[in-house]
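Please read the structure below before turning to the comments.
The values are calculated or read from the model by the stated rules, or taken from the named source; none is laboratory data. All figures in this text were calculated on a predicted structure; none of them were measured in a lab. Here the Cβ is made from the backbone with ideal geometry for all residues, glycine too, and neighbour counts use every protein chain on show. To get the accessible areas, we keep the full protein, side chains included, count just its heavy atoms, and leave off ligands, DNA and RNA. Shrake-Rupley method; radii C 1.70, N 1.55, O 1.52, S 1.80 Å.
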Amino acid sequence: MAQLVEFENFNRENLFKKLMQDTFARYAFIILVIMYLMVFFASFISPYSKDYSNRNKSYCPPSKIYIINEKGRLSLPYTYNYHRYFDKENFDTKYIEDRSKKYAVKYFSKGQDGKRHFYDVEKDGELYLLGTDINGRDNFSRLLYGGQISLTIGFLALLVSFPLGMLYGGISGYAGGKTDFIMMRTAEAIMSIPSFYLLIILASVLPANMTSVQRFALIVIILALIGWAGFSRVVRGMVLSIKKKEFVTASEALGASGLRTVIHHILPQTMSYVIVAMTLSVPSYILSESGLSFLGLGIQQPDASWGNMLKEAQEFINIVSRPWLLTPGFLIFIAVLSFNIIGDTIRDILDPNSRERN
């Protein structure tokens, strides 16, 4: 019993400290914090609104920012607009910089939409840090707004799946007997369903007139209802061993109900595993949403998510001549990798055997 209390105190007091001592985990944590801060303050950081579109600048390349003027001297940041023309020889639309006028880059000023932004360009100027898409929308701004969906969907799904999985597995393991048998067979039946194909089927039958907010909420629910079964099975196995402890017997002897014993005494002892499982589950939810949106079954245009933005880069010509369209895929890779690194590190920290070896 004393060892158990000591272990819980270690988790609560030293987990973050130990996490920051690991070099890779520290950098992964910093990267995730930066990403979440940027998407949280998307309306301030992005120079354009999420509804901005300039059809005359379809597939415009990234703007170049200069800090050296024509005389070779250091100057305030400025940029040039791009001029669009049609190359008759190659039958292709191309862009060249219009150097007849320079446009100063401003910071903490009101943009052309009347709102204050971290950076902007003076009137009639255009600044596309990561170019534009086929509809002339600023990719950098859409990455920030799209990240609000792609990076939050995992945590929202966890709010549904993990409490459900913990309670289901806790009751199953504590009850035992026929109740445990029926509940676990039900969970195994759900686990046997191919989750991604089920997501495709469910997403494809959603009404076409649904708003992106409604579709986003349904996707969260679908992801949560699929993900709880495997988690509950592991929790059930942990409960089977924990319910034999002395403090559980003492709780029962004091007249606590079975549900109260499970919620207040048994499930808290599984938190070390729950923390690790939650950290490692977020990447799978991010990938599921991105995959659905990439296939056109998730978040629909004109609303942005990293998945439907990446869909535009599936054409070979875009990969070769417009590599900035691959940025959403790079951000998905970085986010998933960072979550996995943090999850693996937390698992090593919370493993008593690993601590003893260190």
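Note on Leu15 and Ala256: the model spin-label points, each 7 Å out from Cα along the C-beta direction, lie 2.0 nm apart.
Its Cα centre serving as origin, the chain has a Cβ charge dipole (Lys and Arg +1, Asp and Glu -1) of approximately 440 debye.
In order along segment 306-312, the phi-based Karplus estimate (6.51 cos²θ - 1.76 cosθ + 1.60, θ = phi - 60°) of 3J(HN,Hα) comes to 5, x, 6, 6, 5, 4, 5 Hz; Gly and Pro are listed as x. Among the DSSP helices (H) of the chain, those spanning at least 20 angstrom by Cα along their long axis with an average Kyte-Doolittle hydropathy of -0.5 or more are 23-40, 153-175, 177-191, 212-242, 271-294, 327-350; this is a geometric and hydropathy rule only. In whole angstrom, note down how far apart the Cα centers of segment 187-248 and segment 75-119 are. So the two Cα centres are separated by 47 Å. Taking trypsin sites (Lys or Arg not before Pro) across segment 110-149, the ones in a DSSP loop with at most 10 further Cβ atoms lying within 10 angstrom of their Cβ are Lys123. Using the Cα centre of the chain as origin and beta-carbon charges of +1 (Lys, Arg) and -1 (Asp, Glu), tell me which of His83, Tyr27, Ile67 is placed farthest towards the positive end of the dipole. Farthest along the dipole direction, towards plus: Ile67.
Please give the contour-minus-distance gain from Val33 to Glu122: 0.36 nm per residue of separation, less the Cα-Cα distance, rounded to one decimal in nm.
The Val33-Glu122 span can extend by a further 29.0 nm.
For segment 22-81, the solvent-accessible area works out to 63 Å² per residue, with a probe of 1.4 Å and every protein chain left in place. Once both labels are positioned 7 Å from their Cα atoms along Cα-to-Cβ, the gap between Phe44 and Phe24 label points is 3.4 nm.
Calculation over all alpha carbon pairs of segment 100-249 in 10 angstrom steps from 0 returns a P(r) of 9, 24, 21, 16, 13, 10, 5, 1, 0 percent. For segment 276-358, the direction-averaged projected area of the alpha-carbon convex hull comes to 6.8 nm². With a Förster radius of 30 Å applied to the beta-carbon distance between Arg55 and Leu337, the computed FRET efficiency rounds to 0.25. Legend: calculated FRET efficiency, Val234 to Val205, from the Cβ-Cβ distance at R0 = 30 Å, rounded to 0.05, equals 0.45. Between amide H atoms placed 1.01 Å from N, distances below 5 Å from Tyr119 occur with Phe108, all of them 5 or more places distant or on a separate chain.
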